[in-house]
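Below: one structure, written as structure tokens.
The values are calculated or read from the model by the stated rules, or taken from the named source; none is laboratory data. Since this is a predicted model, take the numbers as computed values, not measurements. Cβ sites come from the backbone with ideal geometry, for glycine too, and all protein chains shown count toward neighbours. Calculation scope for accessible area: heavy atoms of the full protein, side chains included, ligands and nucleic acids excluded. Shrake-Rupley method; radii C 1.70, N 1.55, O 1.52, S 1.80 Å.
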Amino acid sequence: MVRPTLGLAAAVSDYKITPGPGRARLKGGGGSNTDVWAYDGDVPGPVIRLRQGKPARIVVENRLQEDTTVHWHGIRLPNAMDGVPGLTQPPIKPGERFVYEFTPPDAGTFWYHPHANSLQQLGRGLAGALVVEEAEPVPADRDVVWVLGDWRLDSDGNIAPGFGNRMEAAMSGRVGNTVTLNGTLPGDQNVRAGERIRLRLVNTSLARIMALRFEGHRPVIVAVDGQPCDPHEPEGGRLLLAPAMRLDLIVDMQGEPGRRYAVIDDYYDGLAYDLTSFAYAGQAPLRKNPLDAPMRLPRNPLPEPDLQSAKRHELALQGGMPSMGNMTGGGKMQGMGGMSGGTGGMAHGRAIWSINGTSMTGDGHADMLPLVTLMRDSSHVVTMRNETAWWHPMHLHGFSFRVLSRNGVPVPHNQWADTVLLAPKDTVEVAFVADNPGDWMLHCHVTDHQTAGLMTVLRVT
């Protein structure tokens with residue numbers, strides 16, 4: 001039996017990345033390049049590959065004309081390295097640098113992005129994938145990363161103004177009109193029949209939720225937000241991927257040589273489109289049958305919460321505009337059209353959303369008081385109730401949590417995550433051990449929602 005292996009990152013990881021202005025071809029065809037903000041001049045930024053349990057040192061040199069930070073999304077790291085300006089570190093001024101040092105305890109698929117002026121900095125292109133590799137990767141022929149981005153472009157191919165539109169912030173957020181895969185309009189993905197691919201999906205959008213169907217294929221989910229789960233096929237063959245979420249898939253290429261198979265995003269009602277296609281080479285299959293090798297990833301060293309002794313907390317997500325028949329499972333699109341150029345009143349500093357009646361706007365600052373204080377090394381069950389008419393991917397910094405139940409029904413497949421998607425009126429229970437001291441943000445990763453109040457702080461002391 002063939003058991004292919006993949007190359008590993010160096011044992012000691014030392015990187016330098018530079019956020020600054022760049023250019024990218026986002027429109028395709030013969031159009032001009034778009035002015036963007038980028039890490040090392042490219043969108044997305046370079047894939048940073050680290051080793052599980054090995055120290056990493058990443059120097060960030062700011063070449064923007066404004067303050068920035070970098071948040072290492074999903075990594076369980078020291079609070080001082082979390083990248084929230086004012087709350088965990090001073091902002092990185094233009095021309096200055098900051099050194100992030102941490103040792104990632106978990107293998108998996110993560111990503112990095114700013115937490116300063118998030119709407120514009122993320123919306124103009126500052127994002128990149130971060131892969132922490134296992135000591136023994138799951139057998140596969142190739143390890144492929146898809147960084148999925150969403151852009152709002154005007155007719156000339158420039159990034160449209162209107163960040164912080166208050167009406168959009170009260171609904172689904174700033175959803176774009178152009179989707180890219182690894183920074184370009186998606187073309188065919190060349191594959192060979194019989195090969196096995198480990199496919200890492202990362203949604204870096206400000207607000208776009210995706211629901212992906214793989215025509216003619218049966219992808220198996222092996223990790224959610226970097227954390228291994230019981231390998232399983234998605235319900236109904238549909239992969240739901242909200243902003244900030246990641247999925248690791250094992251895809252056996254069992255299509256016919258010479259054929260193309262579409263990957264379709266059909267989340268928004270009436271707006272389905274082909275994201276990309278698997279284009280099979282005409283050569284003979286690499287192997288006749290799927291690779292006979294395990295798909296289960298080794299478990300990360302996450303502390304298991306004690307549900308019997310756990311303290312219980314309830315968080316109610318509130319605010320926003322009433323439902324307009326917009327997003328009830330698939331949903332009609334709100335915010336892609338006529339609002340793209342208007343100002344609408346900036347949402348920054350003016351609360352539209354709240355958690356338990358309390359709003360925190362912007363990106364984080366020194367005087368953010370904690371909503372909840374947790375004793376270190378104690379177990380906690382947090383019930384989040386979405387009392388709004390809109391979808392919210394809720395992200396907790398510094399931790400991964402076990403997703404226990406949704407609307408009273410146990411969540412299968414032993415799923416852990418750092419970002420959980422709540423549909424309108426959903427109630428979700430999650431559990432974790434508060435083993436990482438500091439002040440940690442909990443917020444919606446629809447960035448308009450976060451900056452307009454759907455954010456709070458949990459203190460572990």
What strands (runs of 3 or more DSSP E) completely inside region 1-113 contain at least 3 residues that are modelled with pLDDT of 95 or more and surrounded by fewer than 17 Cβ atoms within 10 Å (Cβ to Cβ)? 56-61, 97-102
Name every residue in region 308-343 that is open to solvent by 80 Å² or more (accessible area, probe 1.4 Å) and at pLDDT 95 or above, in order of residue number. Q308, K311, R312, E314
One residue from D274, D252, D292, D265 being closer than 24 Å to T447 by Cα and acidic (D, E): D265
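Got at least one residue in region 381-394 being open to solvent by less than 70 Å² (accessible area, probe 1.4 Å), in a loop (DSSP other than H, G, I, E, B) and either free of Cβ contacts under 8 Å to residues at least 60 places away in the same chain or closer than 12 Å to L458 by Cβ (or both)?
Let us first name the residues in region 381-394 that are open to solvent by less than 70 Å² (accessible area, probe 1.4 Å), namely 381-384, 386, 388-394.
Next, only the ones that are in a loop (DSSP other than H, G, I, E, B) stay: 388-391.
Narrowing further to those that are either free of Cβ contacts under 8 Å to residues at least 60 places away in the same chain or closer than 12 Å to L458 by Cβ (or both): none.
Taking every residue of region 381-394 in turn, none turns out to be open to solvent by less than 70 Å² (accessible area, probe 1.4 Å), in a loop (DSSP other than H, G, I, E, B) and either free of Cβ contacts under 8 Å to residues at least 60 places away in the same chain or closer than 12 Å to L458 by Cβ (or both).
So in region 232-258, with the set limited to residues that are of a type in the set (D, E, K, R) and without any contact (Cβ under 8 Å) to a residue 40 or more places away in the chain, which one is farthest from W416 (Cα to Cα)?
Step one: of region 232-258, the residues of a type in the set (D, E, K, R) are 233, 235, 238, 246, 248, 252, 256.
Keeping just the survivors that are without any contact (Cβ under 8 Å) to a residue 40 or more places away in the chain gives 233, 235, 238.
Details: E233: 16, E235: 17, R238: 19 Å.
This residue is R238.
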Taking the stated definitions as given, is G194 more than 19 Å from A272 (Cα to Cα) and in contact with a Lys or Arg (Cβ under 6 Å, 6 or more places away or on another chain)? yes
Just to be sure I understand, how many residues within region 407-447 are more than 15 Å from the chain's Cα centre (by Cα) and in contact (Cβ under 8 Å) with a residue 60 or more places away in the chain? 17
Determine whether region 230-242 contains at least one residue that is in contact with a Leu (Cβ under 8 Å, 6 or more places away or on another chain) and open to solvent by 50 Å² or more (accessible area, probe 1.4 Å). yes
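Rundown of residues vs (1) closer than 28 Å to P294 by Cβ; (2) over 15 Å from the mean Cα position of the chain (by Cα), yes/no style:
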residue: P114; (1), (2): no, no
residue: G125; (1), (2): no, no
residue: V131; (1), (2): yes, no
residue: V138; (1), (2): yes, yes
residue: D141; (1), (2): yes, yes
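How many residues does region 243-281 contain that are open to solvent by 70 Å² or more (accessible area, probe 1.4 Å), assigned to a loop (DSSP other than H, G, I, E, B) and either on the phi < 0 side of the Ramachandran plot or of a type in the set (F, W, Y) (or both)? Full working, then the answer.
The initial filter retains those residues of region 243-281 that are open to solvent by 70 Å² or more (accessible area, probe 1.4 Å), namely 254, 256, 259-260, 269-271, 274.
Among the residues that remain, those that are also assigned to a loop (DSSP other than H, G, I, E, B) are: 254, 256, 259, 269-271.
Narrowing further to those that are either on the phi < 0 side of the Ramachandran plot or of a type in the set (F, W, Y) (or both): 254, 256, 259, 269, 271.
Final tally of qualifying residues: 5.
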Some residue of region 190-213 being within 30 Å of R350 (Cα to Cα), open to solvent by less than 10 Å² (accessible area, probe 1.4 Å), of a type in the set (D, E, K, R) and not in a loop (DSSP other than H, G, I, E, B): no
Being touching a Gly at 6+ places or on another chain (Cβ under 8 Å) and of a type outside the set (G, A, S) narrows L454, L396, L404 down to just L454
Taking L404 as meeting all but one of (1) of a type in the set (A, V, I, L, M); (2) under 15 Å from W390 (Cα atoms); (3) open to solvent by 10 Å² or more (accessible area, probe 1.4 Å), write down the number of the exception. (2)
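Working only within region 409-461, note down all residues that are of a type in the set (D, E, K, R) and either part of a strand (DSSP E or B) or buried (at least 22 other Cβ atoms within 10 Å of the Cβ) (or both). First the steps, then the outcome.
So in region 409-461, the residues of a type in the set (D, E, K, R) come out as 418, 425-426, 429, 435, 439, 448, 459.
Listed by number, the residues that qualify are D418, E429, D439, D448, R459.
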